[in-house]
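Notes follow once the structure below has been shown.
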Amino acid sequence: MNKIIPIIYLLFTLTACQPSHSQQQKEDEAKASVSPITENVVTVKLAESQRKSFPLQIMATGKVTALTQAKINFKTTGIIAKIMVTNSASVKEGQILAILDNEQQRIALQQAQDHLQDTKVELNKLLLEFGGKDRDTTSVSNRIMENIKAKSGFTKALTSVKDAQLKLENTYLKAPYTGVIANLKTKAHNPSPTNEPFCTILSREGMVVEVSVLESELSVVSLGQMANVKPLAYSERNYMGKVAEINPVVNEQGLVFIKVRIQNPDQYLLDGMNAQVIIEKNLPPQIVIPKEAVVERSGKKVVFVYENGLAKWNYVTVAHENSQEVSISEGLKAGQKVIIEGNLNLGHDAKVIIDEGMKK
């Protein structure tokens, strides 16, 4: 029994003295445990890691809105005689959009003008009686002339003419500013609408995209900053925008509301259209590689570097990323050849060849 105890103690001591694996050893074992799925030599595509400014991007989707839009209607009721425009038609300020049947207003105006003419006869008669010259309203003092106008009925008749002219004018619906017709539903020969607008006029001079960005992304956004706007309906069309408004409130979801004003709006942009906004800010120079170079192995970011016909496994730390590139804070140096195609099934020290026509 006494001999057994020293032996057990010796075994325990030897076991306790064995060195533990370091983090580097674990990573080396991970590399060794991953072998290429295929033993064939893989053709790969390369790109060079570069030290350069990194364009940090914010991407958000929102709605295109016309800053200036007015719902307009006739100032009086009646039957619509004629509609001069259609939806999507471009109109200029003051242009006639529609006309009500205005025969009664025209007659009323003519009657008012006739009555005004009759009062002029009485006005001239009184002018002579007050010592003035025939048809010369300047031949008496202003005070006497005002009395003559009132006594002859001229002043009241003139007011009636102006009222009749206004009522006739109200049968014409005109554009308050230059823009585009929208939401026109009314048909000719029907009563003018009373419970809804005749149409809406949108101005293309002030088109904005309203989006929300994360509070954590605010450092990238500033007033006056340029942005790129892409309508989802027309992926091939790009518009330049400028950050015009940042609402100084963070909502309960951690979002901040901003408006990007479109610099070059055209007929393709519609009110309510969905559009993507991309805002960029250049960060100081850092190691930048294409996004395709980064793969994930065992929950970690890995980049394969090409060295003498072999793919070398490198753990990396991604600092920032945008739609096309990532910046690396640890794990790579400038000028290294990274594999950006054919890297999905590679293992450490896998044999690879470069397709010369695929070099980037």
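The values are calculated or read from the model by the stated rules, or taken from the named source; none is laboratory data. Just so you know, these numbers come straight off a predicted model, no measurement behind them. Cβ: placed from backbone, ideal geometry, glycine included. Neighbour counts: every protein chain shown.
In segment 139-164, the residues that are on the phi < 0 side of the Ramachandran plot form Cβ pairs under 7 Å with partners that are assigned to a helix (DSSP H, G or I) and acidic (Asp, Glu), at six or more places apart or across chains, as follows: Ser152/Glu122. Among the residues of segment 84-111, those that are in contact (Cβ under 8 Å) with a residue 24 or more places away in the chain and among the hydrophobic types (A, V, I, L, M, F, W, C) comprise Val85, Ala89, Val91, Ile96, Leu97, Ala98, Ile99, Leu100, Ala108, Leu109. Just for segment 298-332: of the residues that are part of a strand (DSSP E or B) and at pLDDT below 90, which one is farthest from the chain's Cα centre (by Cα)? Checking each candidate, the answer is His320. Under the condition of being surrounded by fewer than 16 Cβ atoms within 10 Å (Cβ to Cβ), of a type in the set (Asp, Glu) and not in a loop (DSSP other than H, G, I, E, B), the residues counted in segment 334-356 number 1. Among the residues making up segment 324-333, those that are surrounded by fewer than 14 Cβ atoms within 10 Å (Cβ to Cβ) and touching a strand residue (DSSP E or B) at 6+ places or on another chain (Cβ under 6 Å) are Ser329, Glu330. Here segment 263-314 is the region considered, the condition is being crowded, with 17+ Cβ neighbours inside 10 Å and aromatic (Phe, Trp, Tyr), and the residue that is nearest to Lys337 (Cα to Cα) is Tyr306. Scanning segment 116-175 for residues that are outside any helix (DSSP H, G or I) and either touching a Pro at 6+ places or on another chain (Cβ under 8 Å) or closer than 30 Å to Leu100 by Cβ (or both) yields Asn170, Thr171, Tyr172, Leu173, Lys174, Ala175.
Comparison of Gly132, Gly153 shows that the only residue that is within 30 Å of Leu166 (Cα to Cα) and of a type in the set (Gly, Ala, Ser) is Gly153.
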